[in-house]
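Okay, so here's the structure we're looking at.
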Amino acid sequence: MNHVFPRNARSLPPVVAAGDGAYLIDADGKRYLDGSGGAAVSCLGHGDAHVIAAMKAQLDKVAFAHTGFFTSEPAERLADRLIALAPEGLDKVYIVAGGSEAVESALKLARQVHLERGAPERTQIIARRQSYHGNTLGALATGGNAWRRAPFAPLLMDVHHVAPCYAYRGMAPGETPEAYGLRLAGEIEAQVLALGPDTVMAFVAEPVVGATLGAVPPVPGYFRAIREICDRYGILMILDEVMCGMGRTGTLFACEQEGVVPDIVCIAKGLGAGYAPIGAMLCSGEIYDTIAQGSGMFMHGHTYLGHPTSCAGACAVLERLVDDGVAARVAPVGAQLMAALTDRFGQHPNVGDIRGRGLFIGLELVADRASKAAFDPARGIAGRLKAAAFEAGLICYPMSGTVDGQSGDHVLLAPPFILSEDQIGELVDKLDVAMAAVL
């Protein structure tokens with residue numbers, strides 16, 4: 001490992017040697033229950049024979065061909081399948097190599113569409129605080145996570161951030177969820193009017209906020225109100241489902257549960273299930289037609305667009321999720337996991353909120369339940385919890401900065417959809433051991 005540039009030079013990880021369903025195994029033979037799917041990636045677990053066989057078969061034909069010269073059968077098949085499964089109105093698929101690429105592609109497409117519609121003044125993006133959209137510069141600028149942005153702030157374009165839909169901390173006493181959602185939508189409209197409606201290019205949001213807030217779902221009616229605002233002022237709605245999509249929250253596309261269809265949606269992670277690096281940007285037929293009937297060319301591109309082997313793997317992932325019914329397990333298994341977590345931690349003095357959808361669940365950790373006071377950041381609760389869980393044989397996804405990018409801690413759980421009842425108990429037990437060691 002001497003020449004690998006690690007994520008953390010002061011904390012070198014063990015070597016992974018094998019995968020077995022919901023488990024990863026290190027070179028010493030220790031087994032770890034993958035309670036977060038890495039970063040909500042491994043929805044099918046490790047060693048899925050169907051996906052592996054599909055990718056091997058594609059390698060026997062052709063591994064790669066650049067989309068400047070060729071399309072491929074797996075890319076065409078994947079695009080057709082995604083549109084058949086997507087909310088009505090989405091019509092074209094731009095296949096990339098990951099989530100950040102999908103978001104960058106969406107931002108650049110939104111800008112070019114307005115240019116080709118004769119509205120070059122539309123340059124402003126509205127997004128939300130405490131969301132994460134990727135680590136490339138455009139995606140990082142669009143995200144609203146303070147500590148991730150801070151080192152690179154001089155390099156980032158200006159993006160206007162409004163409040164997240166974060167009911168645990170944002171909803172006023174006596175306020176209904178519906179009224180809270182309308183209040184937040186009103187803040188977005190006020191920002192549009194302050195900037196000038198003709199200058200706003202896009203609104204960007206995660207339907208269920210993932211890494212930065214810890215599986216926070218929206219309140220009822222929130223996204224429908226935003227869809228109306230976007231339509232009223234000619235603003236494109238971009239939904240980032242990189243983490244919460246592909247069945248993770250109980251429907252293949254998370255926005256299905258909100259009753260809205262975005263103009264552009266970004267997916268990744270679960271699309272490849274960890275077997276191949278892949279992501280995609282889906283857009284409406286109207287957006288595509290603007291380009292096709294205008295300049296004819298999207299001024300953007302990446303080397304691994306439509307990678308045939310990755311596309312073959314993603315097609316097989318969708319076959320497992322949809323045709324074999326694996327995604328249909330998410331809602332009932334998620335309900336079992338939520339019940340087990342609530343039973344174990346619902347009255348824990350340092351667990352302020354347990355929230356989420358499907359197999360996408362967050363526990364917010366607090367120093368005091370009554371006041372919702374966060375732990376002192378100097379205590380490093382999230383990092384210590386991650387280490388303690390790993391020692392106990394559980395992979396989970398703790399994160400700090402939950403409240404405002406500086407204070408607050410949560411742990412995100414996003415286990416494989418194949419999780420068994422026994423493994424639910426194992427996950428909860430091992431998380432309990434870790435929390436007892438840290439808290």
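Checked against the criterion of being crowded, with 18+ Cβ neighbours inside 10 Å, farther than 23 Å from Val261 by Cα and in contact with a strand residue (DSSP E or B) (Cβ under 6 Å, 6 or more places away or on another chain), the candidates Gly334, Gly306, Gly356 yield just one match: Gly306. When region 404-439 is filtered for residues that are in contact with a Leu (Cβ under 9 Å, 6 or more places away or on another chain) and closer than 15 Å to Ala211 by Cβ, the ones remaining, listed by number, are Gly408, Asp409, His410, Val411, Leu412, Leu413, Ala414. Scanning region 170-188 for residues that are farther than 28 Å from Pro120 by Cβ and touching a residue at least 60 places away in the same chain (Cβ under 8 Å) turns up nothing.
Among the residues making up region 1-54, a single one is among the charged types (D, E, K, R) and more than 21 Å from Cys396 (Cβ to Cβ): Asp48. Listed by first and then second residue, the pairs with beta-carbon distance under 7 Å, at least 6 apart or on different chains, first residue in region 204-216 and under 13 Å from His133 (Cβ atoms), second small (Gly, Ala, Ser) and surrounded by 24 or more Cβ atoms within 10 Å (Cβ to Cβ), are Pro207/Ala254; Gly210/Ala40.
Of all the residues that make up region 114-134, how many are more than 16 Å from the chain's Cα centre (by Cα) and either in contact (Cβ under 8 Å) with a residue 60 or more places away in the chain or open to solvent by less than 10 Å² (accessible area, probe 1.4 Å) (or both)? Qualifying residue count, region 114-134: 10.
Of all residues in region 375-403, those that are farther than 30 Å from Ala22 by Cα, of a type outside the set (Lys, Arg) and either modelled with pLDDT under 95 or out of contact with any Leu (no Cβ under 8 Å at 6 or more places or on another chain) (or both) total 4.
Screening Arg344 with (1) of a type in the set (D, E, K, R); (2) more than 21 Å from Ala434 (Cβ to Cβ); (3) touching a residue at least 12 places away in the same chain (Cβ under 8 Å) gives one miss only, at (2). Counting the residues of region 383-439 that are part of a helix (DSSP H, G or I) and of a type in the set (S, T, N, Q) gives 1.
Scanning region 374-409 for residues that are charged (D, E, K, R) and open to solvent by 30 Å² or more (accessible area, probe 1.4 Å) returns Asp376, Arg379, Arg384, Lys386, Glu391, Asp404.
In region 266-291, the residues that are surrounded by fewer than 24 Cβ atoms within 10 Å (Cβ to Cβ) form no Cβ pair under 8 Å with any partner that is at pLDDT below 95, whether six or more places apart or across chains.
Counting only residues that are at negative phi and either crowded, with 24+ Cβ neighbours inside 10 Å or touching a Pro at 6+ places or on another chain (Cβ under 7 Å) (or both), region 231-256 holds 18 of them. Strands (runs of 3 or more DSSP E) fully within region 1-95 that include at least 1 residues being among the small types (Gly, Ala, Ser) and surrounded by 14 or more Cβ atoms within 10 Å (Cβ to Cβ): 16-20. For region 1-20, a residue qualifies if it is of a type in the set (Gly, Ala, Ser) and under 26 Å from Ala63 (Cα atoms), and the qualifying residues are Ala17, Ala18, Gly19. Leu137 passes every criterion in (1) out of contact with any Ser or Thr (no Cβ under 9 Å at 6 or more places or on another chain); (2) open to solvent by 60 Å² or more (accessible area, probe 1.4 Å); (3) modelled with pLDDT of 95 or more; (4) more than 17 Å from Gly99 (Cα to Cα) apart from (4). When you check Ile418 against the structure, is it among the β-branched types (Val, Ile, Thr), buried (at least 19 other Cβ atoms within 10 Å of the Cβ) and either touching a Cys at 6+ places or on another chain (Cβ under 7 Å) or at pLDDT 95 or above (or both), yes or no? No. Number of residues in region 96-113 that are open to solvent by 10 Å² or more (accessible area, probe 1.4 Å) and out of contact with any helix residue (DSSP H, G or I) (no Cβ under 8 Å at 6 or more places or on another chain) equals 3.
The values are calculated or read from the model by the stated rules, or taken from the named source; none is laboratory data. Since the model is a prediction, treat every value here as computed from it, not as a measurement. Methodologically, a virtual Cβ is constructed for each residue, glycine included, from the backbone with ideal geometry; neighbour enumeration extends over all protein chains shown. The protein model used for the area step is the full one, side chains on, heavy atoms only, and it has no ligands, DNA or RNA in it. Shrake-Rupley method; radii C 1.70, N 1.55, O 1.52, S 1.80 Å.
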